[in-house]
Every structure is written in C-alpha cells, then in structure tokens.
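Here the structure is laid out as structure tokens; the discussion comes afterwards.
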Amino acid sequence: VNIINFVKRLLRMGDKKRIVIINNFDRMTAEAQNAMRRIIELYAKTTRFFLICNSMENIIDAIQSRCTPLRTTSLSDAELKPLLEQILARAAETQPSVLPKSLDDDLLDTICLLSGGDIKKAINYLQIIAYTENPTVESFYRIFNIPPVTTLKQIINAVKSPESYQTAYDVLDKLLANGYDANDILGIFADTVARSEEIHLSVRIAYLRAIANCRIKTELVQTNSHLFGLIANLGDYRREGYSQD
C-alpha cells in the first residue's frame, strides 16, 4: 500500500524519476511479486524500481524479464573493515555515552571473517557487540555461540604432523563438550580455511572438499564420529603431494 501511494503521488520533478528500493525482494511470495509486476508496468514512465536480492532463483520470470540484472561480489576484508569502522564512529557521535568509538582490530577481523563479505551480516554483528559492555573477541563468541576461530586454527596447525594429531582430537573433543553443534563447527571451520592465506591454495581446496563431504555425512547421520574422521583426512592431505610452501 505504501508503494502504491508513493508512486501515485503527483510530484513536479520535470524529467526526474522517483526511486523505489525494495530490499530482500527474493523473500516476497510469488503473489506479492506478481502484484509488484503490475505496479512496475503501470508506473515505469515515472518510477525506477531497484529490487535487491541474494538469489534470483526465487524471483518470478515475469519480474526478471522486466529488469536489468546487476550482480555484485562480496566485499573483501580490506573493503569491509574500514566501512565498519566508519559506521561505528558515526553511530558513536550520536550516542557517545553508549557506543565505543572503535573496536579492537582482532574483533573487527573476526566480524569480517564470519560475515563472509556480507555487509548486512557484518552490520548486524557490529550492532549487537557494540552495545555490550567491554566488547571483546571472547564476548563475541559467547554472545553468538560461535566456535572460536583461534581454536579451529589450532586444529589446522595440529594436523600438519601425525605426532600432533592427538592435540587436534583433544581440541575437537573440548568443542563438542562445550555444546557446539557439529554443523556450527564445520561452518566456521570452512570459513577459517577458505580465508587462511597460511595454507597453500591447493591444500585449501582439498580441505574444503573434505569439510563439505563431512557436512553431508553429518546431516545424513547425526554423529560426531565424522568430525574425528575429518581430522584424519586433513592430515592425509598434508602428506599426499599437494603443492605447498
């Protein structure tokens, strides 16, 4: 109703066009999208519609045929981190007694890692952690119930040698004992591996393939034994001739 009222309103703007921006358009039902299709047709001469989505698969063909697709890539950490710093600094100007002007680099790096270049997800993380008292990386993991990245890096380092396998098993056993779900561990593990420049690209690809296979097995059969098997597989990849520095 608000969109219809807006596009019907008489505005004297010459050749300029109204702009309607709809976020998460792919979450709208097919019926709602068909209604929007009719509105787009009727008011195409006076209004430009920007339909933002994460996936075009959920958008009806009638809408897609009337739009020009503009695809964007995820932000890199180097692009995302300054944006978060700028957002926090501006928010702190309006609420100086509530929000800090800045956060530790380790905390911002963790937000960038876990958001995967998604600015909306990163802002959600930032908004919640900034309002906590004395925000730290540890409190971030605790609030969002996320396995610590540093712990997962311990597993990655431990599988480099058969002599340190037991360390990797002990770290994983501790994560499970602390109540972390297998899929949560695998999800953060995949993000950590994908962005770890310390691991050669060919080894990273092999690791991610093994993590994906482990996740499929875990979803089919709910058991933690697949996770311990994953550690053995990662260790094998380290020794099986993958080029690495």
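The values are calculated or read from the model by the stated rules, or taken from the named source; none is laboratory data. Note that the structure is a prediction, hence the values are computed from the model and not measured. In this analysis, Cβ positions are derived from the backbone assuming ideal geometry, glycine residues included, and neighbour counts consider all displayed protein chains. Note: areas computed on protein heavy atoms with side chains; ligands, DNA, RNA excluded. Shrake-Rupley method; radii C 1.70, N 1.55, O 1.52, S 1.80 Å.
Return the single residue from ALA210, ALA91, ALA62 with maximal mean-square fluctuation; model: Gaussian network over the chain, springs between Cα atoms under 10 Å.
ALA62
So between ASN23 and ALA35, what do we pick up on full extension, going 0.36 nm a residue minus the alpha carbon distance?
Value of the extension gain: 2.7 nm.
Quickly rank 53-61, 123-131 as a protection proxy: mean count of other C-beta atoms within 10 Å, highest first.
Packing proxy ranking, top to bottom: 123-131, 53-61.
Short version: ³J(HN,Hα) in whole Hz for each residue of the stretch 218-226, in order, from phi by Karplus 6.51 cos²θ - 1.76 cosθ + 1.60 (θ = phi - 60°), x for Gly and Pro, what are they?
5, 6, 6, 10, 6, 8, 7, 5, 5
What accessible area, in Å² to the nearest ten, does a 1.4 Å probe give for ARG209?
Taking all protein chains as shown, ARG209 has close to 130 Å².
Roughly how many Å is it from the Cα centre of the stretch 34-56 to that of the stretch 94-145, as a whole number?
35 Å
Please give the contour-minus-distance gain from ALA212 to THR132: 0.36 nm per residue of separation, less the Cα-Cα distance, rounded to one decimal in nm.
25.4 nm
Report in % the part of the accessible area of the chain that belongs to carbon and sulfur, leaving out ligands and nucleic acids; probe 1.4 Å.
51 percent
With a 1.4 Å probe and all protein chains in place, put LYS16, LYS8, LYS121, LYS217 in order of accessible area, largest first.
Sorted descending by solvent-accessible area, the residues read LYS16, LYS8, LYS217, LYS121.
Exactly which GluC sites (Glu not before Pro) in the stretch 74-171 are in a DSSP loop and have at most 12 other Cβ atoms within 10 Å?
GLU133
Quick one: how many Å² of LEU172 are accessible to a 1.4 Å probe, rounded to 10?
10 Å²
List nothing, just return the count: lysine pairs in the chain, 8 or more apart or interchain, with Cα separation under 18 Å.
9
On the full set of protein chains, 1.4 Å probe, figure out the accessible area of THR29 and give it in Å² to the nearest 10.
Near enough 80 Å² of accessible area.
Filter the chymotrypsin sites (Phe, Trp or Tyr not before Pro) in the stretch 136-206 to those in DSSP coil with at most 15 other Cβ atoms within 10 Å of their Cβ, and list the result.
When the chymotrypsin sites (Phe, Trp or Tyr not before Pro) of the stretch 136-206 are filtered for loop state and at most 15 Cβ neighbours within 10 Å, nothing remains.
GNM on the chain, C-alpha springs below 10 Å: top fluctuator among ASP181, ASP104, ASP15?
Highest fluctuation of the listed residues: ASP15.
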